[in-house]
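Participant: Below: one structure in structure tokens.
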Amino acid sequence: MKALIISSDNPKRLGELKTVAAALCTDHEAIVITDKNSVPGSWNKAWVTTESLGANLTDSVLKLANDADYIISSGDIGLSILPEIAFKLGASLTTEVTDIQKENDHIVFTHPVYGGKAIAKYESNKKKICISLRENYFNPNPLDGQTEAENIAVSEKRIELLETSMEEAEGISLEDAPVIVSGGRGIGGAEGFDSLSRLAKLFEGTIGASRAAVDAGWVPNSLQVGQTGTIVAPDLYVAVGISGASQHLAGITNAKIVVAVNKDEEAPIFKRARFGIVADWKKFIPALTEKISRLK
Ligand SMILES: Cc1cc2nc3c(=O)[nH]c(=O)nc-3n(C[C@H](O)[C@H](O)[C@H](O)COP(=O)(O)OP(=O)(O)OC[C@H]3O[C@@H](n4cnc5c(N)ncnc54)[C@H](O)[C@@H]3O)c2cc1C
């Protein structure tokens, strides 16, 4: 059995894909989007390309995917490339996969539905299987060694990238932060996020926000956590002045420890939180920040 993975050169993403490939079979091949000519980790074969647009890569990937039993990718790359690959190969496709279990001869794929309120489990009735992983749900393989790679020639450009605009981002990203201090409507204004930022920095983490805080224009869109924002998986998630709407909770289902600070003891966030503090954040957060900075 053979697995072909398609990945960016982000070691965490590549490691997650290697972990899943290793759980399914022993023959692993990789296509990596990079300008280098080798790929981290040990692969039976590896290819590299600088083309990052799924539509332009499809034909090249199809040729390499013909004899693969599993074609695995994740995040935006997986979602842009795998639907067409699965259709053209007559394979099954499961997207946003958060867990994979081998049960007897069957492989069961887990995929959260209804904004994370329910978990659906799927089995494939096809022999060829495409899987797109949700990022941050699998322990990344450490990727020992390096594999020499061949370059993939992209014969026909179906689409062209005209422009990219990057939002200036400071520090660690929401997806990779081990600690996130998130603020909601209860923060009351943009300046309140400076206070959350001071606490986040002490934890070497970053700040996040509810949609209410983003819609109010207090923080940029890129900080929104939730169903229509970023799905995060930190070790510690501190929700400050956030009520705990289902759409927000959908973004933190994989957070290990949730701490909620809210002045309303009936706020739904307390049902999700391991530790709940019923308090006005304006008193609690500066006192906590002061205490932690003294301990450091
Ligand atoms: C299709 C759809 C998609 C959505 N996607 C998302 C999403 O991705 N992410 C998201 O977050 N939301 C999303 N929402 C919006 C979501 O339904 C909620 O409206 C939103 O999460 C509420 O944000 P909030 O908790 O900050 O605000 P509120 O619900 O208004 O809660 C504010 C909280 O602050 C507390 N508070 C007030 N003052 C203080 C104080 N001084 N100290 C401590 N606590 C205080 C209050 O008690 C209250 O619990 C979506 C909605 C829809 C319909």
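The values are calculated or read from the model by the stated rules, or taken from the named source; none is laboratory data. Values in this document were obtained by computation on a predicted structure and should not be read as measured data. With ideal geometry, Cβ positions are generated from the backbone for all residues, glycine too; neighbour counts draw on all protein chains shown.
Participant: If I filter segment 122-158 down to residues being among the polar types (S, T, N, Q) and over 27 Å from A233 (Cα atoms), which single residue comes out as surrounded by the fewest Cβ atoms within 10 Å (Cβ to Cβ)?
Facilitator: Going through segment 122-158, the residues among the polar types (S, T, N, Q) turn out to be 124-125, 132, 136, 139, 141, 146-147, 151, 155.
Okay, now just the ones that are also over 27 Å from A233 (Cα atoms), so 124-125, 146-147, 151, 155.
Values: S124: 18, N125: 6, Q146: 14, T147: 18, N151: 10, S155: 8.
Out of the qualifying residues, it is N125.
Participant: Which condition number does L161 fail, the rest of (1) in contact with a helix residue (DSSP H, G or I) (Cβ under 8 Å, 6 or more places away or on another chain); (2) surrounded by 10 or more Cβ atoms within 10 Å (Cβ to Cβ) being met?
Facilitator: (1)
Participant: Looking at (1) closer than 24 Å to T253 by Cβ; (2) free of Cβ contacts under 8 Å to residues at least 12 places away in the same chain; (3) charged (D, E, K, R), find the lone condition where D105 falls short.
Facilitator: All conditions are met except number (1).
Participant: Out of (1) surrounded by fewer than 16 Cβ atoms within 10 Å (Cβ to Cβ); (2) within 19 Å of the chain's Cα centre (by Cα); (3) outside any helix (DSSP H, G or I), what's the single condition that is false for I100?
Facilitator: In the conditions (1) surrounded by fewer than 16 Cβ atoms within 10 Å (Cβ to Cβ); (2) within 19 Å of the chain's Cα centre (by Cα); (3) outside any helix (DSSP H, G or I), I100 misses (1) alone.
Participant: Also: Go through the residues of segment 121-132 one by one and say whether even a single one is within 22 Å of the chain's Cα centre (by Cα) and either more than 30 Å from T58 (Cβ to Cβ) or not assigned by TED's automatic domain parsing to the domain that holds D9 (or both). Step through it out loud before you land on a result.
Facilitator: Going residue by residue through segment 121-132, those that are within 22 Å of the chain's Cα centre (by Cα) are 121-122, 129-132.
Applying the additional criterion that residues be either more than 30 Å from T58 (Cβ to Cβ) or not assigned by TED's automatic domain parsing to the domain that holds D9 (or both) yields none.
No, every residue in segment 121-132 fails to be within 22 Å of the chain's Cα centre (by Cα) and either more than 30 Å from T58 (Cβ to Cβ) or not assigned by TED's automatic domain parsing to the domain that holds D9 (or both).
Participant: Let me ask another. Just to confirm my filter: which helices (runs of 4 or more DSSP H) fall fully inside segment 188-296 and include at least 2 residues that are surrounded by fewer than 22 Cβ atoms within 10 Å (Cβ to Cβ), under 21 Å from the mean Cα position of the chain (by Cα) and within 12 Å of the ligand (Cβ to nearest atom)? Spell out how you get there, then give the answer.
Facilitator: Numbers: elements: 192-202, 211-215, 246-249, 269-272, 281-295.
Passing ranges, in order: 211-215, 246-249.
Participant: Quick check on my filter: what residues within segment 78-92 are of a type outside the set (G, A, S) and crowded, with 22+ Cβ neighbours inside 10 Å? Before you say what the answer is, go through the steps one by one.
Facilitator: Keep residues of segment 78-92 that are of a type outside the set (G, A, S), which gives 79, 81-85, 87-89.
Correct list: I81, L82, I85.
Participant: Does any residue of segment 27-44 turn out to be within 14 Å of K128 (Cα to Cα), surrounded by fewer than 21 Cβ atoms within 10 Å (Cβ to Cβ) and either of a type in the set (A, V, I, L, M) or without any contact (Cβ under 8 Å) to a residue 12 or more places away in the chain (or both)?
Facilitator: The first filter runs over segment 27-44 and keeps only residues within 14 Å of K128 (Cα to Cα), leaving none.
No, segment 27-44 contains no residue that is within 14 Å of K128 (Cα to Cα), surrounded by fewer than 21 Cβ atoms within 10 Å (Cβ to Cβ) and either of a type in the set (A, V, I, L, M) or without any contact (Cβ under 8 Å) to a residue 12 or more places away in the chain (or both).
Participant: What residue, of G145, G116, is in the same structural domain as L17 (by TED's automatic domain parsing) and under 18 Å from the mean Cα position of the chain (by Cα)?
Facilitator: Values: G145 fails: under 18 Å from the mean Cα position of the chain (by Cα).
Just one listed residue meets the conditions, G116.
Participant: Next question, about the same structure. Within segment 102-121, work out how many residues are within 24 Å of V232 (Cβ to Cβ) and away from the ligand (no atom under 16 Å from the Cβ). Explain how you work it out, then say what you get.
Facilitator: Taking segment 102-121 as the starting set, the residues that turn out to be within 24 Å of V232 (Cβ to Cβ) are 109-121.
After this cut, where a residue has to be away from the ligand (no atom under 16 Å from the Cβ) as well, the list is 109-111, 118-121.
The number of residues fulfilling the criteria is 7.
Participant: In addition: Within segment 164-187, track down each residue that is outside any loop (DSSP other than H, G, I, E, B) and crowded, with 22+ Cβ neighbours inside 10 Å.
Facilitator: Step one: list which residues in segment 164-187 are outside any loop (DSSP other than H, G, I, E, B), which gives 179-183, 185-187.
Across segment 164-187, the qualifying residues are I180, V181, S182, G183, G186, I187.
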